[in-house]
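In what follows, a structure is listed as structure tokens, so that the remarks can point back to it.
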Amino acid sequence: MTETGTKTYAVVASPKPTTLVVHCSDPRFQIAFRKFIEDELHLQDGEYVPVVIRGGAAGFSHPERLPKDFAFLVGRIESLLERFGEIRQIVLINHEDCGFYHTLTDRVTGGREHEEQMLHDLGNLPGIFTRLLSQFGLNVRVYYARFADEKRTQVTFDKIG
Ligand SMILES: [Zn+2]
């Protein structure tokens with residue numbers, strides 16, 4: 001049965017996004033990601049397209065070992081770049097203690113520790129993206145959100161590439 005809504009919510013009527021931001025869906029970090037995007041990347045709602053997916057751009061790091069993740073992400077990102085022709089920049093944000101990395105088997109990681117593997121993957125991403133999406137001429141920036149206090153209530157964002 002359909003119930004007609006009565007409350008209304010504002011939308012961005014004509015967005016002109018210049019940036020695609022790919023980050024993890026971990027609920028602990030959403031508020032920090034939004035604040036970081038606004039405060040440090042200086043992007044408001046409508047100026048960027050968020051792609052929120054478990055593990056963030058990690059699925060791009062393993063085209064041979066995780067081919068389905070890779071193809072899915074590439075397809076979605078290409079379609080967004082075609083839809084929003086003014087996007088010139090991709091920002092990739094991953095974070096400490098990412099659950100996605102706990103799901104990766106030794107076959108993918110070669111037995112590396114999770115954080116070590118993630119930092120290794122993040123370091124490779126600018127090259128992968130630049131090659132992969134070269135026809136779009138994109139600037140790629142990569143950030144890593146790491147805990148800034150012992151109780152893990154705050155994060156800070158390191159620029160990786
Ligand atoms: Zn995560």
Taking the stated definitions as given, is F84 touching a residue at least 40 places away in the same chain (Cβ under 8 Å) and either out of contact with any Ser or Thr (no Cβ under 9 Å at 6 or more places or on another chain) or of a type in the set (V, I, T) (or both)? no
Please go through (1) surrounded by fewer than 16 Cβ atoms within 10 Å (Cβ to Cβ); (2) part of a loop (DSSP other than H, G, I, E, B); (3) within 16 Å of the ligand (Cβ to nearest atom); (4) touching a residue at least 12 places away in the same chain (Cβ under 8 Å) for P63 and return the number of the only condition it doesn't satisfy. (3)
Over region 17-54, the set of residues surrounded by 22 or more Cβ atoms within 10 Å (Cβ to Cβ), within 26 Å of G137 (Cβ to Cβ) and within 14 Å of the ligand (Cβ to nearest atom) is V22, H23, F33
Residue list for region 71-120, restricted to those being aromatic (F, W, Y) and either farther than 20 Å from T19 by Cα or touching a Leu at 6+ places or on another chain (Cβ under 7 Å) (or both): F100, Y101
Filter region 72-124 down to the residues that are hydrophobic (A, V, I, L, M, F, W, C), more than 17 Å from F33 (Cβ to Cβ) and within 16 Å of the ligand (Cβ to nearest atom), then identify the one that is nearest to the chain's Cα centre (by Cα). L73
Take S14 and decide whether it is away from the ligand (no atom under 16 Å from the Cβ), among the hydroxyl-bearing types (S, T, Y), surrounded by fewer than 17 Cβ atoms within 10 Å (Cβ to Cβ) and not in a loop (DSSP other than H, G, I, E, B). no
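A short reminder: the numbers here are calculations on the coordinates, not readings from a lab. The structure displayed is predicted, hence computed values, not measured ones. Neighbour counts are summed over all protein chains in view; Cβ atoms, including those assigned to glycine, are modelled from backbone coordinates with ideal geometry.
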